[in-house]
Amino acid sequence: MASEVHAAEGATGYIIHHLTPLHFGEGFWTLHLDTLFFSAALGGLFVWFFKTAADKATSEVPGLVQNFAELLIEFVDNQVKDSFHGHSKLIAPLALTIFCWVFLWNFMDLFPVDIFPLIGSLIGIEYLRVVPSTDLNATFAMSISVFCLIIFYSIKIKGPWGFAKELMFQPFGPWLLPFNLLLKLVEEIAKPISLALRLFGNLYAGELIFILIALLPWYIQPVLSFPWAIFHILIITLQAFIFMVLTVVYLSMAHEDH
């Protein structure tokens, strides 16, 4: 399909077509329907998998599904124990959800770039992007959600006045209040921005490389796409892990009341 589209509209048109989301509306209120659909579908897959594992859980010899679910839970639980020093029943389930959901987002990048757009074109969908983490709206939505939890727990644990004192009087004391406030605001705002841009940038670059490989002659594509896909497995896992760990670290900092 890549060679046919390339011949019809050129490399630039092919790239733009693959990077254009299926959207509704204009301006600020534009909705990326493909991002919303695949995010919801992958979230449903995550819930279904762990519900199935829980329903089939046994104290006897566990099956493959239970083994894999327990492996993921133990892995995330160890990371939370190492990074989170407060007391909360939310953090471990949140970390597991973020890791699995972001990994599933990223994993969609391993499908051949033309498969889903071809399926979409057969049912009348002109544009279709299937990797939610290559959409800045999705990564910012996730990071802003984490940021809201950071603010919530900062106020809950430290109290409104304690949180305000942290913003105004740290790190240089009350005599440099404006400077302290500026530094703390930049520090807090940088958290969701760095979370969102790191995930988006790495996956967007990976997707673009797959698209560029698809523009090459068919006999060259397997030589380049297979090694890049193997390497990309490390990238998609690492990015999900980093997002999870940074979330846990930021929430741990929010729970520190000294």
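The values are calculated or read from the model by the stated rules, or taken from the named source; none is laboratory data. The model shown is predicted, which means the values in this text are computed figures rather than measured ones. So basically every Cβ, Gly included, is an ideal-geometry build from the backbone, and we count neighbours across all protein chains shown.
Here are some notes:
- Filter result (of a type in the set (Gly, Ala, Ser), under 24 Å from Lys158 (Cβ atoms) and either part of a helix (DSSP H, G or I) or modelled with pLDDT of 90 or more (or both)) within the range 56-96: Ser83, Ala92, Ala95
- In the range 103-123, the residues that are assigned to a loop (DSSP other than H, G, I, E, B) never reach a residue that is exposed (fewer than 14 other Cβ atoms within 10 Å of the Cβ) and among the aliphatic types (A, V, I, L, M) with C-beta atoms less than 7 angstrom apart, at least six apart or across chains.
- The residue list Tyr219, Tyr204 contains one member that is part of a helix (DSSP H, G or I) and either in contact with a helix residue (DSSP H, G or I) (Cβ under 9 Å, 6 or more places away or on another chain) or at negative phi (or both), which is Tyr204.
- Residue match in the range 183-193 (condition: exposed (fewer than 14 other Cβ atoms within 10 Å of the Cβ) and among the charged types (D, E, K, R)): yes
- Here Phe99 meets the list (1) in contact with a Pro (Cβ under 9 Å, 6 or more places away or on another chain); (2) at pLDDT 95 or above almost entirely, failing just condition (1).
- The range 130-157 residues that are touching a residue at least 60 places away in the same chain (Cβ under 8 Å) and within 27 Å of Met108 (Cα to Cα), paired with ones that are aromatic (Phe, Trp, Tyr) and outside any helix (DSSP H, G or I) (beta carbon under 9 Å, 6 or more apart): Val130/Phe111; Val131/Phe111
- Look at the range 33-48: where a residue is closer than 18 Å to Thr20 by Cβ and a partner is not in a helix (DSSP H, G or I), sitting 6+ places away or on another chain with Cβ atoms under 6 Å, you get Leu33/Leu22; Leu33/Phe24; Asp34/Pro21; Asp34/Leu22; Asp34/Leu128; Asp34/Arg129; Thr35/Asp135; Phe38/Val130.
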